[in-house]
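Report on the following structure.
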Amino acid sequence: MTAISAQPYDYEIPEHGKMALVIIDMQRDFLEPGGFGDALGNNVQLLQAIVPTIKELLETWRSLSLPIIHTIECHKPDLSDCPPSKLNRSKEGLKIGDIGPMGRILIYGEAGNNIIPELEPKEGEIVILKPGKGAFTRTDLEAILQERGITHLVITGVTTEVCVQTTMREANDRGYECLLVEDGTESYFPEFKQATIAMLWAQGGIIGWTSAAKSVISAMSVG
Ligand code: TIU
């Protein structure tokens with residue numbers, strides 16, 4: 001067994017097949033102009049920086065035949081899975097379900113809802129469609145992890161303090177050992193990203209670990 005150099009201390013790599021790469025919501029809706037992130041008033045360009053890093057992690061997992069999980073934040077066309085508490089958050093701009101330049105905002109199957117081409121899932125990789133921020137909420141993720149014996153999650157994606165942090169907290173409460181890749185996650189608010197990283201591993205790793213992608217990749221290559 002080897003370990004990844006991480007904060008607040010090393011993260012031990014489990015036996016082969018038990019550690020999944022989780023890529024959260026790397027969709028056009030969050031990374032490109034005209035999507036959901038843009039409609040909420042954010043500078044979506046900020047999220048582009050992590051694409052090559054996640055791609056490198058993805059290629060590492062693929063080369064080692066390890067489990068890969070992609071998530072997509074999306075809703076049904078009739079919005080029956082989008083409660084008013086989510087639909088009515090923003091008072092300005094396009095809302096979920098409205099027609100934007102890449103199709104209906106945050107609706108499954110629309111062009112803007114797809115994962116960006118650079119990180120497109122391959123056959124055999126798990127894709128979780130999630131209506132909430134957390135990837136365990138109203139999805140089959142927990143059942144899939146249990147069925148496959150996955151115990152460790154290396155987490156990437158957007159945005160750090162919203163869907164990424166919520167998912168990591170949900171996972172930790174369910175008993176999964178989680179490591180967030182610091183340069184594999186991004187926020188529209190750099191200060192929120194930094195605060196999230198610090199709060200996840202404070203108090204002796206209260207929610208889990210964080211590490212740099214190069215530390216993850218080098219440990220995987222050795223192991
Ligand atoms: N708005 C924002 O920061 N995030 C989301 O709405 N969803 C995700 O984080 N994926």
Requested in this report: Examine the range 66-73 for a residue that is more than 12 Å from the ligand (Cβ to nearest atom) and more than 13 Å from the chain's Cα centre (by Cα), and state whether such a residue exists.
Outcome: yes
Report summary line: Of the residues in the range 85-127, those that are part of a strand (DSSP E or B), in contact (Cβ under 8 Å) with a residue 40 or more places away in the chain and surrounded by 18 or more Cβ atoms within 10 Å (Cβ to Cβ) come to Gly100, Ile115, Ile126
Report summary line: Filtering the range 12-26 for residues that are within 21 Å of Ile128 (Cβ to Cβ) and part of a strand (DSSP E or B) leaves a count of 6
**Report entry** Candidates Ile24, Ile50, Ile69 - the one that is touching a Leu at 6+ places or on another chain (Cβ under 8 Å) and buried (at least 20 other Cβ atoms within 10 Å of the Cβ)
**Finding:** Ile69
**Report entry** Subset tally (residues that are more than 15 Å from the ligand (Cβ to nearest atom) and crowded, with 19+ Cβ neighbours inside 10 Å) for the range 131-151
**Finding:** 2
Query raised in the report: Of the residues that make up the range 199-207, is at least one aromatic (Phe, Trp, Tyr) and in a helix (DSSP H, G or I)?
Result: yes
Query raised in the report: Within the range 156-175, is there a residue that is in a loop (DSSP other than H, G, I, E, B) and free of Cβ contacts under 8 Å to residues at least 60 places away in the same chain?
Result: yes
Report task. Look at Met19 and say whether it is surrounded by 23 or more Cβ atoms within 10 Å (Cβ to Cβ) and away from the ligand (no atom under 15 Å from the Cβ). Result -> yes
Query raised in the report: Mind checking whether some residue in the range 213-222 is without any contact (Cβ under 8 Å) to a residue 60 or more places away in the chain and either touching a strand residue (DSSP E or B) at 6+ places or on another chain (Cβ under 6 Å) or closer than 29 Å to Leu129 by Cβ (or both)?
Result: no
Report summary line: Pairing a residue in the range 53-72 that is within 17 Å of Ala171 (Cβ to Cβ) with any residue that is among the charged types (D, E, K, R), where Cβ atoms lie under 6 Å and the two sit 6 or more apart in sequence or on different chains, gives Ile68/Glu125; Thr71/Asp25; Thr71/Lys130
Query raised in the report: Residues in the range 128-155 that are touching a strand residue (DSSP E or B) at 6+ places or on another chain (Cβ under 7 Å), farther than 23 Å from Cys82 by Cα and not in a loop (DSSP other than H, G, I, E, B): how many?
Result: 5
Query raised in the report: Going by the structure shown, is Val164 within 20 Å of Thr60 (Cα to Cα), crowded, with 21+ Cβ neighbours inside 10 Å and at pLDDT 95 or above?
Result: no
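The values are calculated or read from the model by the stated rules, or taken from the named source; none is laboratory data. Model, not experiment: these values are computed from the prediction. We place every Cβ from the backbone using ideal geometry, glycine too, and count neighbours over all the protein chains shown.
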